[in-house]
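The values are calculated or read from the model by the stated rules, or taken from the named source; none is laboratory data. Since the model is a prediction, treat every value here as computed from it, not as a measurement. Cβ atoms come from the backbone with ideal geometry, glycine included; neighbour counts cover every protein chain shown. Accessible surface areas use protein heavy atoms only, side chains included; no ligands, DNA or RNA. Shrake-Rupley method; radii C 1.70, N 1.55, O 1.52, S 1.80 Å.
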Amino acid sequence: NTTFYQTVPLLLWYILLVVLLASFGYFLNDCFDVKEDALVDKTNFASKFSPKIRILILIGLFIPAYFSWFYITDNHTVHLFLCIHAALLFLYSVPPFRVKNKGNWALLIDSAYSLVIPIVVTFFYFSKSQVDPNYPLVTEIAIWAFLLGLRNIIQHHIVDSNKDKISGT
């Protein structure tokens, strides 16, 4: 029930914040992959910066990527899933957790933060709805996204298997 002119700013904010979320996730992961990527001569954007600059970049991405959502929507479901998203990114990449190197946990968490949560956030952001069991479509789409995410991370592991053996990951 919105006009085109009401929807465009919502869409533009959404696109900007999704780009910031993805940038934060990729950069966070790169920050903790510097040594492994160097072993296999893999490009790592974070390696170009000192540890202090990396922290500043992470903060500079994290604050607008996550806290802006509290400004643009009062939807508590969106806020909850974004908190889960941030937690999963940290669990995946940051020691001492770094489940990225822990088999099945890595597959599950990667699938959740890369596809499931962004799709669920998208639905609840644009629908202005809260969590409701009467949304079977959201559940079906989340299951599809989870399976697609599993396929994507498994393909990534297959492609990188030789490099992963060299780097010990």
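Is there any pair linking a residue in region 154-165 that is loosely packed, with under 10 Cβ neighbours inside 10 Å to one that is modelled with pLDDT of 80 or more and among the basic types (Lys, Arg), with Cβ under 7 Å and at least six apart or on different chains, and which?
none
So, of the residues in region 93-104 that are in a helix (DSSP H, G or I) and within 16 Å of Asp30 (Cα to Cα), which turns out to be most open to solvent (accessible area, probe 1.4 Å)?
Only one residue tops the list, namely Asn101.
Being in a helix (DSSP H, G or I) and either among the hydrophobic types (A, V, I, L, M, F, W, C) or open to solvent by 80 Å² or more (accessible area, probe 1.4 Å) (or both) is the filter here, so list the residues in region 70-87 that pass it.
From region 70-87, those in a helix (DSSP H, G or I) are 70-72, 76-87; that's our starting set.
The answer is Phe70, Tyr71, Ile72, His76, Val78, Leu80, Phe81, Leu82, Cys83, Ile84, Ala86, Ala87.
Hey, Phe90 hits all of (1) more than 21 Å from Asp160 (Cβ to Cβ); (2) open to solvent by 50 Å² or more (accessible area, probe 1.4 Å); (3) over 14 Å from the mean Cα position of the chain (by Cα); (4) in contact (Cβ under 8 Å) with a residue 60 or more places away in the chain but one; which does it fall short on?
(3)
For Leu39, all conditions in the list (1) exposed (fewer than 12 other Cβ atoms within 10 Å of the Cβ); (2) modelled with pLDDT under 95 hold save one; what is the number of the exception?
Leu39 satisfies all of (1) exposed (fewer than 12 other Cβ atoms within 10 Å of the Cβ); (2) modelled with pLDDT under 95 except (1).
Determine the pairs where a residue that is modelled with pLDDT of 95 or more, located within region 50-72, has a partner that is small (Gly, Ala, Ser) and open to solvent by less than 40 Å² (accessible area, probe 1.4 Å) with Cβ atoms under 6 Å apart, the partner being 6 or more residues away or on another chain.
Taking only residues 6 or more apart or on different chains, the pairs are Arg54/Ala46.
Considering region 42-60 alone, what residues qualify as being part of a loop (DSSP other than H, G, I, E, B), open to solvent by less than 80 Å² (accessible area, probe 1.4 Å) and more than 24 Å from Leu17 (Cα to Cα)?
Result: Lys42, Ser50.
Can we say Ala22 is closer than 17 Å to Thr122 by Cβ and surrounded by fewer than 16 Cβ atoms within 10 Å (Cβ to Cβ)?
Answer is yes for this residue.
Of (1) open to solvent by 50 Å² or more (accessible area, probe 1.4 Å); (2) over 30 Å from Thr169 (Cα atoms), Arg151 satisfies all except one. Which?
With (1) open to solvent by 50 Å² or more (accessible area, probe 1.4 Å); (2) over 30 Å from Thr169 (Cα atoms) applied to Arg151, the lone miss is (2).
Within region 13-49, can you find the residues that are among the aliphatic types (A, V, I, L, M) and in contact (Cβ under 8 Å) with a residue 60 or more places away in the chain?
Within region 13-49, Val18, Leu21, Leu28, Leu39, Val40 meet the criteria.
State yes or no: is Leu108 free of Cβ contacts under 8 Å to residues at least 60 places away in the same chain and either of a type outside the set (S, T, N, Q) or on the phi > 0 side of the Ramachandran plot (or both)? Don't jump to the end; show me each part of the working.
Values: free of Cβ contacts under 8 Å to residues at least 60 places away in the same chain: yes; either of a type outside the set (S, T, N, Q) or on the phi > 0 side of the Ramachandran plot (or both): yes.
It is true that Leu108 is free of Cβ contacts under 8 Å to residues at least 60 places away in the same chain and either of a type outside the set (S, T, N, Q) or on the phi > 0 side of the Ramachandran plot (or both).
If only one of Leu137, Leu107 is surrounded by fewer than 12 Cβ atoms within 10 Å (Cβ to Cβ) and at pLDDT below 95, which one is it?
Being surrounded by fewer than 12 Cβ atoms within 10 Å (Cβ to Cβ) and at pLDDT below 95 holds for just one of Leu137, Leu107, which is Leu137.
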